[in-house]
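Below: the structure, in structure tokens.
Any read-out appearing in this document is the output of simple, stated calculations on the displayed coordinates, not a laboratory observation. Computed from a predicted structure; not experimentally measured. Cβ sites come from the backbone with ideal geometry, for glycine too, and all protein chains shown count toward neighbours.
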Amino acid sequence: MKSLNIQCIVLEKIGSAKTNNGELVTQVLVADHSGAVILSVWDELGDLVKTGDILQLRGGYSSIHKNELKLYVGKHGVLERTGEFMMAFIETPNISKYKWTPEGTLITTNINEIRKPQVPAGRVPPNTRIPM
């Protein structure tokens, strides 16, 4: 997907590695209200990203790399820190944990693992019709 615009919070800095071209790539786990995904950040920008940062990504894109869905800033993308620590998010599903084909088809044995509704005991999930 291209031209993605999202706001997310950095949950964890996973690590950095150098490419064959000598470029530094830092991977961070980010989340929003729909779940979590790995964001790859290039060069010195990766050093600036910290756990708890709230980021605004404009013009980013997603792609399958080694059967994992990842989010990228891209050449024309903009990543801006807009705050820290105060953002509603969920950690599941972590869509980078699922295996994908290069065409973007999900490979999983249990499709129900993707989104398990998490409802406190005694509560009714939203949009549930209660028989009267």
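By the gyration tensor of its Cα atoms, with a ≥ b ≥ c the square roots of the eigenvalues, what is the shape of segment 1-86: rounded for a/c under 1.5, prolate for a/b over b/c, or oblate?
rounded
With unit charges on the beta carbon (Lys/Arg positive, Asp/Glu negative), name the residue among Ser40, Gln56, Leu4 whose Cα is farthest towards the positive pole of the charge dipole of segment 1-80.
Farthest towards the positive pole: Leu4.
If each of Leu45 and Lys2 carries a label point 7 Å out from its Cα toward its Cβ, how far apart are those two points in nm?
So the label points at Leu45 and Lys2 sit 1.7 nm apart.
What list do you get for Leu39, Leu57, Leu29, Leu24 if you sort them by fewest beta carbons within 10 Å?
Leu24, Leu29, Leu57, Leu39
With a 10 Å Cβ neighbour count serving as the proxy for reagent exposure, in which order, fewest first, do Val25, Val41, Val78 appear?
Ordered by Cβ neighbours within 10 Å, fewest first: Val78, Val25, Val41.
Neighbour counts of other C-beta atoms within 10 Å: give me Thr51, Thr19, Thr26 arranged from fewest to most. It would help to have the intermediate numbers written out before the result.
Numbers: Thr51 13, Thr19 9, Thr26 20.
If I rank by nearby Cβ atoms, fewest first, I get Thr19, Thr51, Thr26.
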